[in-house]
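*Asks:* Here you go, one structure.
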Amino acid sequence: MTLEVIGVQQNLVAISAHASTATATHCPYCAFQCGMRLTVADDAVTIVGDPDFPVNKGALCIKGWTAAETLAHPDRLHTPLVRNTRGNLTPATWDDALDRIADGIRATQARHGVDAVGVFGGGSLTNEKTYLLGKFARVALGTRNIDYNGRFCMSSAAAAGLRAFGIDRGLPFPIEDIAHADVILLVGSNPSETMPPLMQYFQAQRANGGTLIVVDPRRTVTAQTATMHLRLTPGSDAALANGLLHVVLRDGFIDRGFLAERTVGFDEIAGIAATYWPERTEKITGVPELQLAQAARLLGRAARPMVLTARGGEQQSQGVANTLAYINLALALGKRGRPFTSFGTITGQGNGQGGREHGQKCDQLPGYRRIDDPAARAHVAAVWGIDAADIPGAGSSAFELLDTMGEKDGLRALILIGSNPVVSAPNAVHIEERFRALDLLVVSEFFLSETARLAHVVVPSAQWAEEEGTMTNLEGRVILRRRAVDAPDGVRTDLEIIAAVADRLGKGDHFRYSGASAVFDELCRATAGGPADYSGMSWARIEASGGIFWPCPSADHEGTPRIFAERFATPDGRARFHPVRHQSPAEEPDADYPLYLTTGRVLAQYQSGTQTRRIPRLAGMASEPFAEINPAAARRAGIADGTLLALVTRRGRAIARARLTRDIREDTVFVPFHWGGLSSVNRLTNPALDPTSRMPEFKVCAVRLESHPAS
Ligand code: SF4
């Protein structure tokens, strides 16, 4: 069903816009941020892959080809909506909507305090929006409560990277390095479906004689292309990584000179790894001893091994520990003379990297600065023209923030941009109830998403091709999205909306910019000297170069494609090993709920599906969720292939169509999460949080299958 490498294609969609020449811009969806060229002629938008952009090299997936179909879509919002006294959303003028927002914020602050008003952002927002949203929360609202949906995506990898390397950049090397690794361990990632143009690098690696080992409970399309597939039990990643390390150590593949020069803490790790002998590891992970030893030897003998993780191991209540265990393995495989240790994590959302750098996290200021660092506060306050003491402290993380909505000392008002938590948050039925308990919910959206339907005020916002801004892709390369078409009448950009609300709150002086590039210039100043330093960048430089890797601390600095080539970003320049032991997931199968449930994505849909479910070609490819079940498990539950079934967990029920396949473990069910209502698998998922990253456990919980009456 899936193409591994997709060539240059084109898509036509009718739209009212000015005729123009081709505009080089980027896809609205995932972190690969494929370069594309949009041409508007004869009221139609043409999309082709950009062969000059060095990341996708002209390839697009079906989501990219069809992206323009959201622009003139009949569901598009063109006017603000305000909930009337009868409880209905009705069209309103911009002035009425903005007044309602500002009045609601002031009333909430007066009754419940400034922290009762919160902000929720998204990992698909441009760097400029991310930055301005963080500034809006701290300067215009004075609230400590801002977080974003990237907490559900990248926070475990980010926390692990910070601990081990002193800095969090998903891939610390350019994507092209994948083609030159001789053995790759790819953990919990299925790029054949989620990011198909990335597969050209894995194909090049194979063509160069390389080996790919995939770790996944499912035999995914990506796993089918691999040399080896380690089909682990959900929730057993740390044990698997420790077991691989055990064999690497036992068989003498360690370069102690490298470890002494560039790392700290190996001896303690070695002691732990010694206890994960293959028989024990097989018992925990389900990966046969022989396979484990074979994979470890392949990695140990490799001249250029690479370990890549993604959401499979990270979206767990042990997500940080799991990622650290894989980092331990990658560091232990390092050898003298290597430019870097070849560990990376594959970011998911469009601006999943930049979205976590510039201040929309509850504990963070722009440039990946900590909000509790006095020097960081002083620097950012000077850029913002305020007193450092006026910057609030750290607030609550995403799920915890949403969990308090409508509660006595929790959030009473929320401004939400670029996110649809009613579909994407764990334990979604509960989260929907909490949204309904708010006094004021403001949603900026281009379609009436499941979350927007609950809002008191909905403001219609511009889409990616209608506005400009920078994104930071999965490699840490900052790129520029150019405006290709005019926004429809009645629609405003998120930057304009944020500035207009700030103005009504009496803080407009802090939010007057000549355009999005001026916001970026201020962002660059705010990041100067921080871990993610953009201060040498400008839109002109980015456009001229096709993208700049951060850090880029001065106008004559070329950027940093390989960030750990000389040293790690720790005080002594050495990477840190961290002791990790296997711990069970928060919920495991039992007599009542006998199977593991794990969730993920499919090729034709993106995230909560707000955009992609509305595109007929994508909906035709994936119109409803399926439950991938091993035939043996289906037989035990009395489920036939193709029938509707109910999935039941301790949190709720959801409906999906059974898809029987031996490509999944007998003890595991997989369901994609792109749909709402009864089709939302997040009605079932467990909000158990990682103690460090506060990442919910999307990838593991216990489930029961039941026949559905409609089947
Ligand atoms: S969804 Fe991702 S892989 Fe597909 S075209 Fe867009 S950026 Fe490229």
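*Asks:* Just from its helices, what would the mean residue ellipticity at 222 nm be for the chain, if runs of 4 or more DSSP H residues each count -39500 (n - 2.57) and the sum is divided by every residue, rounded to the nearest 500 deg cm²/dmol?
*Replies:* Mean residue ellipticity, 222 nm, calculated: -8000 deg cm²/dmol.
*Asks:* Is the shape of region 637-711 rounded, prolate or oblate, going by the alpha carbon gyration tensor and its root eigenvalues a ≥ b ≥ c, with a/c under 1.5 for rounded and a/b larger than b/c for prolate?
*Replies:* Prolate.
*Asks:* Mind checking the full-extension length gain between Ala555 and Arg482? Use 0.36 nm per residue of separation minus the Cα-Cα distance, one decimal, nm.
*Replies:* Separation in residues times 0.36 nm, less the Cα-Cα distance, equals 24.1 nm.
*Asks:* Which lysines have a Cα lying under 27 Å from the Cα of Lys135, excluding residues fewer than 8 positions away in the same chain?
*Replies:* Lys361, Lys408, Lys507
*Asks:* Over all distinct Cα pairs, what is the inverse of the mean 1/r for the chain, reported as the Kirkwood hydrodynamic radius in Å?
*Replies:* Result for the chain stands at 25.6 Å.
*Asks:* Quick one: which residues, 5 or more positions from Arg574 or on another chain, have an amide H under 5 Å from its amide H? H modelled 1.01 Å from N in the peptide plane, none for Pro or chain starts.
*Replies:* Hits under the 5 Å cutoff: Phe568.
*Asks:* Find which of Ala295, Thr93, Val442 sits farthest along the positive direction of the dipole of the chain, computed with +1 on the beta-carbon of Lys and Arg, -1 on that of Asp and Glu, about the Cα centre.
*Replies:* Projecting each Cα onto the dipole axis, the largest value belongs to Ala295.
*Asks:* What value does region 458-579 have for Rg/Rh, both radii from Cα atoms and Rh as Kirkwood defines it?
*Replies:* 1.07
*Asks:* Using amide H atoms built in the peptide plane, which far-off residues or other-chain residues are under 5 Å from Phe626 H to H?
*Replies:* Arg657
*Asks:* While we're looking at this one, here's another question. State the percentage of accessible surface on the chain attributable to carbon and sulfur atoms; use a 1.4 Å probe and exclude ligands, DNA and RNA.
*Replies:* Looking at the chain in its full context, I get 48 percent from C and S.
*Asks:* Another question, if that's okay. Which listed residue (Val602, Ala137, Ile563) has the Cα farthest towards the positive end of the charge dipole for the chain, taking +1 on Lys and Arg C-beta and -1 on Asp and Glu C-beta about the Cα centre?
*Replies:* Highest projection toward the positive end goes to Val602.
*Asks:* Would you mind classifying region 547-618 by shape? Square roots of the alpha carbon gyration tensor eigenvalues, ordered a ≥ b ≥ c; an a/c under 1.5 is rounded, otherwise it is prolate if a/b is larger than b/c and oblate if not.
*Replies:* Because a/c hits 1.5 or more and a/b fails to exceed b/c, region 547-618 counts as oblate.
*Asks:* Test of understanding: given the chain, find the longest segment containing no GluC sites (Glu not before Pro) that are in a DSSP loop and have at most 14 other Cβ atoms within 10 Å.
*Replies:* 1-406
*Asks:* Between Ala204 and Gln294, with labels modelled 7 Å along Cα→Cβ, what's the label distance in nm to one decimal, could you check?
*Replies:* The two pseudo-label positions are separated by 2.9 nm.
*Asks:* Right, another one. Could you order peptides 57-64, 386-393, 27-34 by the average number of other Cβ atoms within 10 Å of their residues, highest first?
*Replies:* The packing order, highest mean first, is 27-34, 57-64, 386-393.
*Asks:* In whole Hz, with x marking every Gly and Pro, tabulate ³J(HN,Hα) for region 499-514 from phi via Karplus 6.51 cos²θ - 1.76 cosθ + 1.60, θ = phi - 60°.
*Replies:* With coefficients 6.51, -1.76 and 1.60, one gets 5, 5, 5, 4, 4, 5, 8, x, 10, x, 4, 7, 10, 9, 10, 6 Hz.
*Asks:* Same structure again: I'd like the Karplus ³J(HN,Hα) series for region 361-374: coefficients 6.51, -1.76, 1.60, θ = phi - 60°, whole numbers in Hz, and an x wherever there's a Gly or Pro.
*Replies:* Calculated HN-Hα couplings, in order: 8, 5, 10, 9, 10, x, x, 6, 8, 7, 6, 9, 8, x Hz.
*Asks:* While we're looking at this one, here's another question. With every protein chain left in place, what is the accessible area per residue of the chain in square angstrom, probe 1.4 Å?
*Replies:* 33
*Asks:* Determine, at each q value in 0.11, 0.21, 0.26 (inverse angstroms), the log₁₀ of I(q)/I(0) that the Debye formula gives when each Cα of region 488-554 is one equal point scatterer.
*Replies:* -0.35, -0.90, -1.04
*Asks:* Given Cα pairs under 8 Å that are at least 6 residues apart, what percent is the relative contact order of region 118-267?
*Replies:* Rounded, it is 13 percent for region 118-267.
*Asks:* For a Förster distance of 45 Å, can you work out the FRET efficiency between the beta-carbons of His510 and Thr275, rounded to the nearest 0.05?
*Replies:* So, using R0 = 45 Å, E works out to roughly 0.20.
*Asks:* Ordered by residue, what ³J(HN,Hα) values in Hz, to whole numbers, does region 149-157 give under the Karplus form 6.51 cos²θ - 1.76 cosθ + 1.60, where θ = phi - 60° and Gly and Pro are x?
*Replies:* 6, x, 4, 8, 10, 10, 5, 5, 4
*Asks:* Turning to a different aspect of this structure: Can you list residues from other chains, or at least 5 along the same chain, whose modelled amide H is less than 5 Å from the amide H of Leu416?
*Replies:* The answer is Phe120, Val442, Val443, Ser444.
The values are calculated or read from the model by the stated rules, or taken from the named source; none is laboratory data. Quantities reported herein were computed from a predicted structural model and do not represent experimental measurements. All Cβ positions, even for glycine, are placed from backbone atoms using ideal geometry, and neighbour counts span all protein chains on display. These area figures cover heavy atoms from the full protein model, side chains too; ligands, DNA and RNA do not enter into them. Shrake-Rupley method; radii C 1.70, N 1.55, O 1.52, S 1.80 Å.
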